[in-house]
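Inspection log for the structure reproduced underneath, given as structure tokens.
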Amino acid sequence: MRLVGLHKNSLFLLLIWLFEGILVGFGAILPGISGGTLCVAFGMYRPIIETISHLKAGIKKYGLMLFVFVLGGAVGFIGLSGLAAWLLEKDTALVTCAFIGFILGTLPELWQDAGAKGRHKGSYISMVLCFLLMLAVLALFKTKLSITIAPDLFGYLLCGVLWGLSFIVPGLSSSSLLLFFGLYQDMLKGISTFDFKVLIPMGIGALACVLLLSKAVGYAYKKQYSVVSHGVLGIVVATAIMIIPIGGFSSPASIAVNLAAILGGGVLSYLFTKGCDRLKENSNKR
């Protein structure tokens, strides 16, 4: 877990946190990709939960890191929503593969972090059960079942609630659900044009959801760290598998390009996590 014993000259570490926030905010807009999964992948999930659950202690421990990360998330979510819409039209598979790589590249650190307080039989059972459950849930979401909801006040409140859930429940893609409900395009347009009739209800719904559920998740981590951590790891792996864009591997050229995107994303995120750990160690020695 990355703490914020930050030296004033560690500008590179700040830039990494900012960039990770941008990736999480941007990735959360794309259908199939879970903001919560990316938060877990970049080591931000537990700091966020801990800070919301115990505000004073969390700010003291993670304040600078989360401030920079949330700032990046806002840039990625709001500032790049227009880019997300454009990429969806051009090549969704390529972008999705890059994000799969980001997730896979962090798995070694996630595995190490999950076992920080030991592993036992319940840890492995939790990981397998959560893996299988998330596979089943995501497979259900990929069916053609859909419910259309009007893009009004209630609809955008629901958008916010689903965004909040996607950060509290790793693996849950709010964008995919919003596509099912027929709200995605209207929501994306509202975000990209800074329409407060969209942004305000979304903000209220997301904030309410996060505040209500984060304490329960924080309590679970406190009581059963190893079981919960391995369960989350199983969810992350299942998500990475289920968002693979099978249709994007239809020709030798597309296979090569998309595999290169996965590899590139994996190497980049692995170097990021290792770089963060190295910078944190150097800062703590000063």
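Look through segment 165-207, keep the residues that are at pLDDT below 80 and among the polar types (S, T, N, Q), and return whichever of them is surrounded by the most Cβ atoms within 10 Å (Cβ to Cβ). If we take residues in segment 165-207 being at pLDDT below 80 and among the polar types (S, T, N, Q), then Ser174 is surrounded by the most Cβ atoms within 10 Å (Cβ to Cβ).
Segment 171-254 holds helices (runs of 4 or more DSSP H) entirely within its bounds, and those carrying 1 or more residues that are closer than 23 Å to Ile149 by Cβ and under 20 Å from the mean Cα position of the chain (by Cα) map to 174-181, 184-192, 196-223. Scanning segment 38-89 for residues being open to solvent by 10 Å² or more (accessible area, probe 1.4 Å), more than 22 Å from Gln185 (Cβ to Cβ) and not in a helix (DSSP H, G or I) gives a total of 2. As for segment 268-286, it holds no residue that is closer than 23 Å to Gly27 by Cβ, at pLDDT 85 or above, among the hydrophobic types (A, V, I, L, M, F, W, C) and part of a helix (DSSP H, G or I). State yes or no: is Cys130 more than 23 Å from Ile100 (Cα to Cα) and at pLDDT 80 or above? No: the conditions fail for Cys130.
The values are calculated or read from the model by the stated rules, or taken from the named source; none is laboratory data. Keep in mind the model is a prediction, meaning the values are calculated, not measured. Glycine gets a Cβ as well: all are built from the backbone with ideal geometry, and neighbour counts include every protein chain shown. What goes into the accessible areas is simple: the full protein's heavy atoms, side chains included, and nothing from ligands, DNA or RNA. Shrake-Rupley method; radii C 1.70, N 1.55, O 1.52, S 1.80 Å.
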